[in-house]
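The values are calculated or read from the model by the stated rules, or taken from the named source; none is laboratory data. If you're wondering where the values come from, they're calculated on a predicted model, not measured in any experiment. Here the Cβ is made from the backbone with ideal geometry for all residues, glycine too, and neighbour counts use every protein chain on show. Note: areas computed on protein heavy atoms with side chains; ligands, DNA, RNA excluded. Shrake-Rupley method; radii C 1.70, N 1.55, O 1.52, S 1.80 Å.
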Amino acid sequence: MKIHEYQAKQILVKNKISVPRGEVASSPEEARLIAKDLGGKVVVKAQVHAGGRGKAGGIKLADSPGAAQKAAESLINTNLITFQTGPKGIPVLKVLVEEAMDIEKEVYLGIVVDGQAGGVVIMASESGGIEIEDVANKDPGSIVKILVDPLIGLQQYQVRRLSYGIKIKPSLVPTVNKFITSLYSVFVENDFSLAEINPLAITSDGRVLALDAKINLEDDALFRHNELNELRDISQEDPLEVRASSYGIQYIKLDGDVGCMVNGAGLAMATMDIILEAGAHPANFLDVGGGATEEKVAEAFRIILADSKVKHILINIFGGILRCDIAAQGIVDACKIDGNVNIPIVMLMRGTNVEEGKKILHESNLNISLVSNLKEAAIAVNSEGI
Ligand code: ADP
Ligand code: MG
């Protein structure tokens, strides 16, 4: 789960990690009052679940409360489009107003769970700031990386390797070391999957502060952190993904036009491979789950139908705990609710109660091409003109 910068900074402050003074505002008037309280120059920052705001005009300097109000006015209730959002952008409902810092150096610090490496990777670079993607592409060697064994924890020699790697003044090394150690503890204690501080700023008066904070929470560990669950902001999420998650359906929107409905994550991935093999592109990942009911299957199917990009549908059901007749009935019910479904549908159905399932589909008169193995599914997908 993604959270906003202002929420991430609240977690950091609670854990005694330094961030600039600031507060979140939902209206230009509030922004003005916060700026007045802070005194002097402020930065007004669009709160969206995406990075790249600086380059997209989502971060504005203001040298008076009136200017802060104007900046907030130009951001609140607009859609911010950055290189990390789609072409439609994401709505800005709040801005963070914080004191403008006098920055001497911007460095990068990132912590991520790396499944492939089997641990937590911490990265640091002396060239932090809004050009970090360029640095990663052109000079990846300049980024220092260490792998933390989660059973042993972060070691002091690793912390030193990171802080020496970002080439800060020797007098600031202890402060940066403390920052890295504290951030790692907060990361582990709260089950983050990502914590990115870019920039970590060294100010001209020698302070070390998180000027930006991007934190992702591990969805599978959220049950351990009720207070973090409340930080969810569905205005920032894809409406179809929100709808799917309210039904416990694993759904991720993708860019292609072949909607897929599958039971089981592994089978869903194999099905997406088949679609790609056939030269087409999946419109989504969808795992309806093992113990799905007719209602859940119907809802899953309706979510696919609600995606205007979907031009073809491939259903792959391996009847086990989810019986084929339940899956078939769910699909028929969905088509009844939504009416007039004229998208070509290819379906592979095997396993428990497959004959009952086929009977339900035949009697429904829906335009579904039933196939009996994955090879046929690929051929059928092709002959549907995908
Ligand atoms: P994003 O990563 O989405 O572009 P950041 O929060 O990193 O947004 O802000 C972009 C840039 O704006 C930073 O690299 C920094 O130079 C500047 N900036 C952000 N917050 C402040 C602040 N409080 N004071 C001074 N400059 C800031
Ligand atoms: Mg940033």
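Some observations on this one:
- If R0 is taken as 41 Å, the Cβ-Cβ distance between S369 and D238 corresponds to a FRET efficiency of 0.90.
- Simple spin-label estimate for D134 and I321 gives 5.1 nm between the two label positions (7 Å along the Cα-to-Cβ direction from each Cα).
- Rounded to whole Hz, the Karplus (6.51, -1.76, 1.60) HN-Hα couplings of the stretch 56-69, x for glycine and proline: 9, x, x, 10, 10, 7, 9, 9, 8, x, x, 5, 5, 4
- For the stretch 1-121, with +1 on Lys and Arg beta carbons and -1 on Asp and Glu, the positive-most of V107, L80, Q7 along the dipole: L80
- Anisotropy class of the stretch 262-304 from Cα gyration tensor, a/c 1.5 cut: oblate
- Pairwise label distance in nanometres, T352 with K178, each label 7 Å out on the Cα-Cβ vector: 5.9 nm
- With both residues required to sit in the stretch 238-383, DSSP beta bridges show an antiparallel share near 20%.
- Interchain or long-range residues, amide H under 5 Å from K105's placed H: I202
- Förster radius 45 Å - calculated FRET efficiency between S308 and K14 (Cβ-Cβ, nearest 0.05): 0.60
- Cross-link pairs K45/K169; K55/K94; K41/K214; K2/K336; K88/K253 - those with Cα-Cα distance over 25 Å: K45/K169; K2/K336
- Its relative contact order, with pairs defined as Cα atoms under 8 Å and 6+ residues apart, puts the stretch 141-269 at 12 percent.
- Summed residue charge, Cβ within 10 Å of E106's Cβ, Lys/Arg positive, Asp/Glu negative: -3
- Cα shape, the chain, gyration tensor, a/c 1.5 rule: prolate
- Compared with the dominant principal axis of the Cα atoms in the chain, helix 324-338 is inclined by about 80°.
- For V332, the shell of other residues with beta-carbons less than 13 Å away shows a net charge of -3, using +1 for Lys and Arg and -1 for Asp and Glu.
- Sulfur and carbon atoms: percent of accessible area, the stretch 238-383 [1.4 Å]: 53 percent
- With contacts taken as Cα pairs under 8 Å and at least 6 residues apart, the stretch 81-215 reaches a relative contact order of 28 percent.
- Mean projected area in nm² (Cα convex hull; one quarter of hull surface) for the stretch 238-383: 7.3 nm²
- Among beta bridges that DSSP assigns inside the chain, antiparallel share in %, nearest 5: 70 percent
- The chain: angle of helix 156-165 to the longest principal axis, Cα-based, in degrees nearest 10: 80 degrees
- Between V371 and M347, L348, M349, the built amide H atoms are under 5 Å apart, and every one of these is 5 or more places off in sequence or on another chain.
- Principal semi-axes of the equivalent ellipsoid, √(5λ) from the alpha carbon gyration tensor of the stretch 88-247, are 28, 21, 16 Å from largest down.
- Atom-type composition of the exposed protein surface of the stretch 21-100 places 52 percent of the accessible area on carbon and sulfur (1.4 angstrom probe).
- Rounded to the nearest whole Hz, the Karplus-based 3J(HN,Hα) values (6.51 cos²θ - 1.76 cosθ + 1.60, θ = phi - 60°) of the stretch 268-285 follow the sequence 5, 5, 4, 5, 5, 4, 4, 4, 5, 4, 6, x, 10, 10, x, 8, 6, 9, with x at glycine and proline.
- Across the stretch 343-360, computed HN-Hα scalar couplings (Karplus, 6.51 cos²θ - 1.76 cosθ + 1.60, θ = phi - 60°) run 7, x, 10, 10, 9, 10, 9, 9, x, 4, 6, 5, 5, 4, x, 4, 4, 4 Hz from first to last residue, x flagging Gly and Pro.
- Estimated [θ] at 222 nm from DSSP helical runs (n ≥ 4, -39500 (n - 2.57)) normalised by residues in the chain, nearest 500: -11000 deg cm²/dmol
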